[in-house]
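The values are calculated or read from the model by the stated rules, or taken from the named source; none is laboratory data. Remember, predicted model here, so these are calculated numbers, not experimental data. So basically every Cβ, Gly included, is an ideal-geometry build from the backbone, and we count neighbours across all protein chains shown.
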């Protein structure tokens, strides 16, 4: 367990170093989601609402899209095979990828908090739901990325296969409008998406929420962790040749 | 001597294709065992099963007495593999790559190799170069450095010198020899028969998923027999059978395969030459080689 944790930290540090050397990935992870956020800001009169929900969108880019790319390219280049043949366990390898994504996500959320304060004069009052939502959100999206990489045949295709998921998450996420102001059908879809509880827990840090509401969001995320882990077991591949 | 690697009736299939078809062999502690074979013989599949990459479809494998898949966590720190093909994080430098692997070996409780592994594989001048900029041979040397830096008890080397220049190959052989002298058990696959002849204590030749022959290098080579050959005489229609075997004729030479002592066969041939007044030009006796055995195995299987 201790070895796994140490390996995960080493691999996460390496991932961050590599991210810093890959300008395309850096743009996709750091700049692109902020551009989307800026677009959404133009559609609302409540900037705090949009900015406080933005971490959910950041996760789609930082943890999901980035890691689908990373896992697929590393499988294709046989890096995963090398890692699997080394000292690290599968948990450490997945943990390292998740930890790297978490580090970037934390940096982005801190940046958002500063921006929200500058732009809308608001500050979070309760960090606990934000931390829980962030941790579970990274876990869900990192696992989903691993599963999606399994059905992605090549690094080139890694730009395409997550697109349907990206589109659904972007348009059904309650970023610019609260859940109860959405059309009924869209609200139902939105409530079961993994991005929604992350956004709502992040907003709970600013606006507050009842324990019951927060428990539902945490339970939804825990359900997604279980589903994602199962999808990883079914679809993830270490080697491009054999399963 | 204790058995370090034990393979019993191993079978491995991918869909309908059976890559390994019931092989049995063992490798003793501190021994270097070479698996030879043509492409697609099943060597890499065997090695990958032993390294715990996949469960065998049939039979059983044990490494240091443990199941490589079930006991992966206990076994992994004690063994290491240099895969035939494995990628690197191309944007890391050589030094960063070694540092990452050394750190992970240390975390896993291994006492890392004393000395600098980059120096050992003679990549010192490339330490600050990104791995993606290395040549194929240099990547193989880095591969070797990563495989040995945790001083494993069992080391799997899958075609370790492919793509290396002769100098790097010699250096690799020196490193492998020193590891074996230090007590590491080594399973080696190679296409270079000379490599197996120089390094292996015992070897097995695989073909189409089956071990066709196994033993010490001398035992295996002895199955080939010596070759007795001379320039084909004008009156070659008279050539005798030696030890009840007719000669093979190719490239203007007649050749006999001789098993056991070549003396008897030589005497038989000289007696025949005296009797028929045939001049045996450029007569020579060449001991059998591993190449002969390898080619015979491949030919017999066709």
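I need the full set of residues from region B:90-110 which are surrounded by 20 or more Cβ atoms within 10 Å (Cβ to Cβ), within 25 Å of residue A:2 (Cβ to Cβ) and more than 8 Å from every other protein chain (Cβ to nearest Cβ), in order please. Listed by number, the residues that qualify are B:97, B:98.
Filtered by the rule that a residue be over 15 Å from residue A:148 (Cβ atoms) and either within 14 Å of chain B (Cβ to nearest Cβ) or free of Cβ contacts under 8 Å to residues at least 40 places away in the same chain (or both), region A:216-237 gives A:216, A:219, A:220, A:223, A:226.
For region B:171-185, does any single residue satisfy the condition of being under 28 Å from residue B:59 (Cα atoms) and in a strand (DSSP E or B)? Yes, some residue in region B:171-185 is under 28 Å from residue B:59 (Cα atoms) and in a strand (DSSP E or B). The helices (runs of 4 or more DSSP H) falling completely within region B:70-137 that include 3 or more residues that are touching a helix residue (DSSP H, G or I) at 6+ places or on another chain (Cβ under 8 Å) map to B:94-107, B:117-120. Counting only helices (runs of 4 or more DSSP H) that sit completely within region A:1-119, those holding 2 or more residues that are touching a residue at least 40 places away in the same chain (Cβ under 8 Å) correspond to A:2-21, A:32-41, A:47-59, A:66-76, A:79-85. Only one of the listed residues (B:155, B:83, B:113, B:75) is over 25 Å from residue A:12 (Cα atoms) and either more than 12 Å from every other protein chain (Cβ to nearest Cβ) or crowded, with 16+ Cβ neighbours inside 10 Å (or both). That residue is B:155. Is one or more of the residues making up region B:230-244 surrounded by 12 or more Cβ atoms within 10 Å (Cβ to Cβ), out of contact with any helix residue (DSSP H, G or I) (no Cβ under 9 Å at 6 or more places or on another chain) and either under 30 Å from residue B:41 (Cβ atoms) or in contact (Cβ under 8 Å) with a residue 60 or more places away in the chain (or both)? The answer is no, given that none of the residues of region B:230-244 is surrounded by 12 or more Cβ atoms within 10 Å (Cβ to Cβ), out of contact with any helix residue (DSSP H, G or I) (no Cβ under 9 Å at 6 or more places or on another chain) and either under 30 Å from residue B:41 (Cβ atoms) or in contact (Cβ under 8 Å) with a residue 60 or more places away in the chain (or both). With the condition kept exactly as written, say whether any residue in region B:133-148 is surrounded by 18 or more Cβ atoms within 10 Å (Cβ to Cβ), under 18 Å from residue B:186 (Cα atoms), more than 11 Å from every other protein chain (Cβ to nearest Cβ) and in contact (Cβ under 8 Å) with a residue 60 or more places away in the chain. The answer is yes; a qualifying residue exists. Would you confirm, using the coordinates I've provided, whether residue B:48 is surrounded by fewer than 19 Cβ atoms within 10 Å (Cβ to Cβ) and either more than 10 Å from chain A (Cβ to nearest Cβ) or out of contact with any helix residue (DSSP H, G or I) (no Cβ under 8 Å at 6 or more places or on another chain) (or both)? Spelling it out, it is not the case that residue B:48 is surrounded by fewer than 19 Cβ atoms within 10 Å (Cβ to Cβ) and either more than 10 Å from chain A (Cβ to nearest Cβ) or out of contact with any helix residue (DSSP H, G or I) (no Cβ under 8 Å at 6 or more places or on another chain) (or both).
The residues listed here are A:49, A:71; of these, the one that is under 30 Å from residue A:204 (Cβ atoms) and either crowded, with 17+ Cβ neighbours inside 10 Å or within 14 Å of chain B (Cβ to nearest Cβ) (or both) is A:49. The numbered conditions (1) at negative phi; (2) modelled with pLDDT of 90 or more are all true for residue B:112 except (2). For region B:51-60, filtering for residues that are in contact with a strand residue (DSSP E or B) (Cβ under 6 Å, 6 or more places away or on another chain) and either closer than 17 Å to residue B:188 by Cβ or crowded, with 22+ Cβ neighbours inside 10 Å (or both) leaves 2. When B:61, B:27 are screened for being more than 10 Å from every other protein chain (Cβ to nearest Cβ), in contact with a helix residue (DSSP H, G or I) (Cβ under 9 Å, 6 or more places away or on another chain), modelled with pLDDT of 95 or more and not in a loop (DSSP other than H, G, I, E, B), only B:61 passes.
Kindly indicate the residue of region A:143-199 that is out of contact with any helix residue (DSSP H, G or I) (no Cβ under 9 Å at 6 or more places or on another chain) and part of a helix (DSSP H, G or I) and also surrounded by the fewest Cβ atoms within 10 Å (Cβ to Cβ) among those meeting that condition. Out of the qualifying residues, it is A:184.
For the list (1) touching a strand residue (DSSP E or B) at 6+ places or on another chain (Cβ under 7 Å); (2) closer than 23 Å to residue A:159 by Cβ, I need the number of the one condition that residue A:85 fails. Of (1) touching a strand residue (DSSP E or B) at 6+ places or on another chain (Cβ under 7 Å); (2) closer than 23 Å to residue A:159 by Cβ, only one is false for residue A:85: (2). Among the criteria (1) within 14 Å of chain B (Cβ to nearest Cβ); (2) at positive phi, the one residue A:121 does not fulfil is (1).
Take the conditions under 19 Å from residue B:184 (Cβ atoms) and either more than 12 Å from every other protein chain (Cβ to nearest Cβ) or not in a strand (DSSP E or B) (or both) and apply them to residue B:34. Does it pass? Yes.
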